[in-house]
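Report on the following structure.
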């Protein structure tokens, strides 16, 4: 447990618990489902004299704040508030810290014994899901200040969706291959098929120093809503199939591919493009 103060949430256990609780509610789970999932996820700290009390204190406090305090959670928290074993760690921090933590405990006890507020509405996440098909090819027109500095303002780059990724808290974003090409005129699809791909994530020097390292070509185009995508600068060119197309990544969070928000995309791609062209 990492603690940096004597307030209820001045420690890692309580902070994480509060965040996880709200996150699960926003994913549409019931209060009872969330409670059981959190107990199961924290099974490793149950029985720990320092950590377990913090778990129940934070869960009870958070549920009370949202008008969702379950009787069994309240009972557990009050049980640990009646014990003294948990205070031992504060004695080592000094009399001042011990007294401050005891005040925190007394405030929590009084709170839990008082009527909780009406249940607060928790709004579910509004998740973005990319509608492009696997193999869809697009031209993107440079239009930012950085492209002016690099002398490619108004020119195009081309990318192709090869899979999808899961971006916290559950957005489905496109994973693309970017072609190692920038030009004034969009080439036909047949020519695009023959183009070389632009490596992502690392500059050439990384591979020079690590010759056995496999190049990464996948790039996640991060978005949390349609509004963040510059649709007026994107042109659909068609679809290119292939064995490199993969279904959506099913894990939690990003898969580990390179990722960039649309607002930073031009700078990222242009830096990589010119770095790799110098090595050609």
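The values are calculated or read from the model by the stated rules, or taken from the named source; none is laboratory data. For clarity, every value in this text was computed on a predicted model and none was experimentally measured. A quick note on method: Cβ atoms are made from the backbone with ideal geometry, for glycine too, and the neighbour counts reach across all protein chains shown.
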Inset, instruction - For residue 66, state whether it is within 32 Å of the chain's Cα centre (by Cα), surrounded by fewer than 17 Cβ atoms within 10 Å (Cβ to Cβ) and more than 30 Å from residue 186 (Cβ to Cβ). - result: no
Inset, instruction - Would you check if residue 108 is surrounded by 12 or more Cβ atoms within 10 Å (Cβ to Cβ) and either in a loop (DSSP other than H, G, I, E, B) or free of Cβ contacts under 8 Å to residues at least 24 places away in the same chain (or both)? - result: no
Inset, instruction - State yes or no: is residue 113 at pLDDT 90 or above and surrounded by 13 or more Cβ atoms within 10 Å (Cβ to Cβ)? - result: no
Inset, instruction - Residue by residue through the stretch 12-50, note down the ones that are over 28 Å from residue 127 (Cβ atoms), surrounded by 14 or more Cβ atoms within 10 Å (Cβ to Cβ) and in contact with a helix residue (DSSP H, G or I) (Cβ under 6 Å, 6 or more places away or on another chain). - result: 13, 45, 50
Legend entry - Out of 69, 25, 54, sole residue that is under 18 Å from residue 9 (Cβ atoms), touching a strand residue (DSSP E or B) at 6+ places or on another chain (Cβ under 9 Å) and in contact (Cβ under 8 Å) with a residue 40 or more places away in the chain: 54
Inset, instruction - Could you check, for the stretch 176-189, whether at least one of its residues is touching a helix residue (DSSP H, G or I) at 6+ places or on another chain (Cβ under 8 Å) and more than 17 Å from residue 268 (Cα to Cα)? - result: no
Legend entry - Candidate set from the stretch 209-227 (those that are out of contact with any helix residue (DSSP H, G or I) (no Cβ under 6 Å at 6 or more places or on another chain) and without any contact (Cβ under 8 Å) to a residue 40 or more places away in the chain); member that is surrounded by the most Cβ atoms within 10 Å (Cβ to Cβ): 215
